[in-house]
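Worksheet: the structure to be examined is printed underneath.
What follows is calculated from the coordinates using simple rules that are stated; it is not laboratory data. Predicted model, so just to flag it, every value in this text is computed and none were measured. Cβ sites come from the backbone with ideal geometry, for glycine too, and all protein chains shown count toward neighbours.
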Amino acid sequence: MASWKEIDRIRKEPKGFRALAKGLRAQFSDDLTDWEKDFLEGIAGRDGKEEFTTRQSEKLLQIRDDYTSVSELPGGFSVGIVLKQCKEARLNLSEDDEQWVLRSYEHSPSTIRRKNTGRLMRCARELHIIEQVR
């Protein structure tokens, strides 16, 4: 998650803000939701030197962070190990989760997008690979 300093810094740099939006749109265009695409296109297409709002900065940095690949899950678990174990036990998951685990493993057996860590953790808990913390 972006810090307040980073949010405030990017908000005050319209040129860098638009460049980041263009870069994210180009790099992740196939994976973005319709809302994310519209947001990034709207930002990238703006002209001028006016600052962006704090909320716009938060959303832009959230999109950046969501699409960042990570190799470690919360709690220090290795994505590669957990994903492999989920793949091996996938028949005990719902069909949607089973397909998602297979696609994720085929895409990258050792990393996952930050926005998908919650889903992988849920699958791992459902398969008793990771214990539920209370």
Practice problem: Of the numbered conditions (1) part of a helix (DSSP H, G or I); (2) of a type outside the set (Asp, Glu); (3) farther than 22 Å from Lys12 by Cα, Ile43 fails exactly one; give the number of that condition. | Solution: (3)
Quiz item: Out of all the residues in segment 109-126, is one or more free of Cβ contacts under 8 Å to residues at least 24 places away in the same chain, outside any helix (DSSP H, G or I) and either touching a strand residue (DSSP E or B) at 6+ places or on another chain (Cβ under 9 Å) or on the phi < 0 side of the Ramachandran plot (or both)?
Solution: no
Quiz item: When Gly76 is evaluated against the numbered criteria (1) more than 19 Å from the chain's Cα centre (by Cα); (2) surrounded by fewer than 16 Cβ atoms within 10 Å (Cβ to Cβ), which criterion, by number, is the only one it fails?
Solution: (1)
Quiz item: Of the conditions (1) under 16 Å from the mean Cα position of the chain (by Cα); (2) farther than 30 Å from Gly16 by Cβ, Lys87 fails just one. Which one is it?
Solution: (1)
Exercise. Could you grab me the full set of residues in segment 96-131 that are in contact with a Gly (Cβ under 7 Å, 6 or more places away or on another chain) and not hydroxyl-bearing (Ser, Thr, Tyr)?
Key: Pro109
